[in-house]
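Read through the structure below, which is laid out as structure tokens, and then see the notes.
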Number of protein chains: 2
Amino acid sequence: MNISEVAKLSGLAAKTIRYYESIDLMDPPRRGANGYRRYHDGDVQILCFLRQARQFGFNIDQCRLLLALYKNPQRRSTEVHQLVSDKLTEVDAHIRELGATRDLLAQLVGVCPNNEEADCAIIDTLSGQSEQSQVVKGVES
Amino acid sequence: MNISEVAKLSGLAAKTIRYYESIDLMDPPRRGANGYRRYHDGDVQILCFLRQARQFGFNIDQCRLLLALYKNPQRRSTEVHQLVSDKLTEVDAHIRELGATRDLLAQLVGVCPNNEEADCAIIDTLSGQSEQSQVVKGVES
DNA sequence: GCTTGACCTTCTAGTTACTGTAAGGCTTAG
DNA sequence: CTAAGCCTTACAGTAACTAGAAGGTCAAGC
């Protein structure tokens, strides 16, 4: 299997697969007489695993750990559980942060007159000129 | 005012301020006889504005636009409103994506036996070996 | 045999928004 | 005079790719 085929099957770009090889996330495959990389079904499995893990928000180093567990028949499932629940905590925190940002943005949208005039409470808020602003402090009325 | 003072007042790192100058986000300040940058209150205003905008999730180019509007007394508030409501839409989309990821992670955490055995449904799911998995497809029961 | 297009290869550089580090000059207190 | 604590520039590194250049290989069609 050449790289474009394994790319199609795994859902990753060929460039990404070469990149994963270059950072030792993936073992380098054998090469054909022409120098082309030759992949097998097991490689597709691993690349799918990596794609999924990345989609779940694991970074490359975390993928490295997950992959080691994946390959290790002596793993303990608690180790996997730990990695995933840590990630869950992390994503939860991120969502909360973004939620707070979203609420503030929504308030900004609400206070802008949205007309042809220059006067704009958003600008005032961002410049910190209305430090006591109900919007920023969330002290609505 | 030297850079460390304006940094303290604006809440940005001195490095960041120099960086903003280097990418023409900020006008270069006058220099003292010793070559040091000298800032004024207006610079603090602008840097606060930028810090706030960045915290709201605007990227550098969007900050450029916002800053231009901030500086322009002939601006129309609709322009500001547009930028902010676009950002709101963007953040909302991001939150929805993360929420989906969070739910999937939570399901993964739920299916892992979390013990000393190697058997782990998380690994199976990530490797795509349980393609019909209720977890992945979200077909709960 | 030749061309064309789709593959494949390596290498370098660009992306975002900084941050770290090095190497050196300025300022001020002791 | 020296030491700490500022300031300067310039270069490199971060994460995870992505784009592009320059060139080799392969299969099909004429």
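The values are calculated or read from the model by the stated rules, or taken from the named source; none is laboratory data. None of the values given here were measured: they were computed from a predicted structure. Every residue, glycine as well, gets a Cβ built from its backbone with ideal geometry; the counts of neighbours run over all protein chains shown. For accessibility, only protein heavy atoms count, side chains too; no ligands or nucleic acids. Shrake-Rupley method; radii C 1.70, N 1.55, O 1.52, S 1.80 Å.
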query: Going through region A:31-121, which chymotrypsin sites (Phe, Trp or Tyr not before Pro) have at most 15 other Cβ atoms within 10 Å and a DSSP loop state?
result: A:Y36
query: Just which residues of region A:112-129 lose 50 Å² or more accessible area with every protein chain there, against their chain alone, with the probe set to 1.4 Å?
result: A:N114, A:E116, A:A118, A:I123, A:L126, A:S127
Gain in span if fully extended, B:K71 to B:D86, counting 0.36 nm per residue against the direct Cα distance: 3.3 nm
- prompt: Between A:Y19 and B:E5, what FRET efficiency follows from the Cβ-Cβ distance if R0 is 30 Å, with the result rounded to 0.05?
  reply: 0.10
statement: Regression test value, accessible area per residue of the protein assembly as shown, probe 1.4 Å, units Å², expected 57 Å²
- request: Give the span of the protein assembly as shown's Cα atoms along each principal axis, as three whole-Å numbers ordered largest to smallest.
  value: 64, 50, 35
query: Quick one: which of A:K15/B:K15; B:K8/B:K87; B:K15/B:K71 span more than 30 angstrom between C-alpha atoms?
result: A:K15/B:K15
- prompt: At a Förster radius of 25 Å, what calculated FRET efficiency corresponds to the Cβ-Cβ distance of A:R54 and B:E116, to the nearest 0.05?
  reply: 0.35
field: Residue with peak Gaussian network fluctuation, chain A [Cα springs, cutoff 10 Å], from A:L12, A:L126, A:L69
entry: A:L126
message: How far, in nm to one decimal, is B:N59 from itself in the other copies if the label point is set 7 angstrom along Cα toward Cβ? Shortest first, please.
response: 2.0
query: Across peptide A:48-58, what mean number of C-beta atoms from other chains lies inside 10 Å of a residue's C-beta?
result: 4
field: region B:34-115 shape via C-alpha gyration tensor axes, a/c threshold 1.5
entry: oblate
Global form of chain A, assessed from the alpha-carbon gyration tensor, a/c cut-off 1.5: prolate
- request: Report, for B:Q74, each distance to the same residue's label point in the other copies, shortest first and in nm; define the point 7 Å along Cα→Cβ.
  value: 7.5
task: Counting only C-alpha contacts under 8 Å and six or more residues apart, can you give the relative contact order of chain B as a whole percent?
output: 14 percent
query: To one decimal in nm, how far is B:E117 from the same spot in the other copies, if labels go 7 Å from Cα toward Cβ? Please give the shortest first.
result: 7.0
statement: Under a Gaussian network model of chain A whose springs join Cα atoms within less than 10 Å, the largest fluctuation of A:A14, A:A118, A:A68 belongs to A:A118
field: Cα-only radius of gyration and Dmax that characterise region A:1-74, units Å
entry: 12.1, 38
